[in-house]
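The values are calculated or read from the model by the stated rules, or taken from the named source; none is laboratory data. Values in this document were obtained by computation on a predicted structure and should not be read as measured data. Cβ placement follows ideal geometry from the backbone for every residue including glycine, while neighbour counts extend to all protein chains displayed. The protein model used for the area step is the full one, side chains on, heavy atoms only, and it has no ligands, DNA or RNA in it. Shrake-Rupley method; radii C 1.70, N 1.55, O 1.52, S 1.80 Å.
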Amino acid sequence: QVQLVESGGGLVQAGGSLRLSCAASGTIFSILNMGWYRQAPGNQRELVAHITHSSGTHYADSVKGRFTISRDNAKNTVYLQMNSLKPEDTAVYFCNTALSRSYWGQGTQVTVSS
């Protein structure tokens, strides 16, 4: 059973930075492709960034140049460094991976004040 636990959310002013972490357990982390998603109130959950098991990355256009996804296989953890945050980045951020099924963490709230 794969378990994902996010941390690092909080309240930050526009222009500030946060780093989210997602710790994985229950499987061999190094083989996992990992994603960060977010969901704002009234909106659908959307992909923010994705990193493959070989560290290839993909970003949503809205965060390119501001967010960086990375992984540390020794720590079974994927990170999302978020810089130059904007109020529209406010959302609950979720970590995700998919094997025979999709797994989600519980989410961490990010609030960016103007």
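Observations
- Solvent-accessible surface of protein heavy atoms, probed at 1.4 angstrom with all chains present, puts GLU6, GLU88, GLU46 in the order GLU88, GLU46, GLU6, largest first.
- Label point of SER17 set 7 angstrom out along Cα-Cβ; within region 78-103, amide nitrogens under 19 Å from it belong to 78-87, 89-90.
- Exposed-site-free run, longest, the chain (rule: trypsin sites (Lys or Arg not before Pro); DSSP loop; at most 13 other C-beta within 10 Å): 1-63
- For SER100, SER70, the ranking by accessible surface with the largest value first comes to SER100, SER70, using a 1.4 Å probe.
- At R0 = 22 Å, FRET efficiency that the Cβ-Cβ distance of THR27 and THR68 yields, to 0.05: 0.35
- Other residues lying with their Cβ under 13 Å from the Cβ of ILE51 contribute a combined charge of 0, Lys and Arg counting +1, Asp and Glu -1.
- Accessible area of region 25-108 belonging to carbon and sulfur atoms, whole % at 1.4 Å probe: 48
- When TYR37, TYR93, TYR79 are compared by accessible area at a 1.4 angstrom probe, the order from most to least is TYR37, TYR79, TYR93.
- Per residue, the chain exposes an accessible area of 51 Å² to a 1.4 Å probe, with every protein chain left in place.
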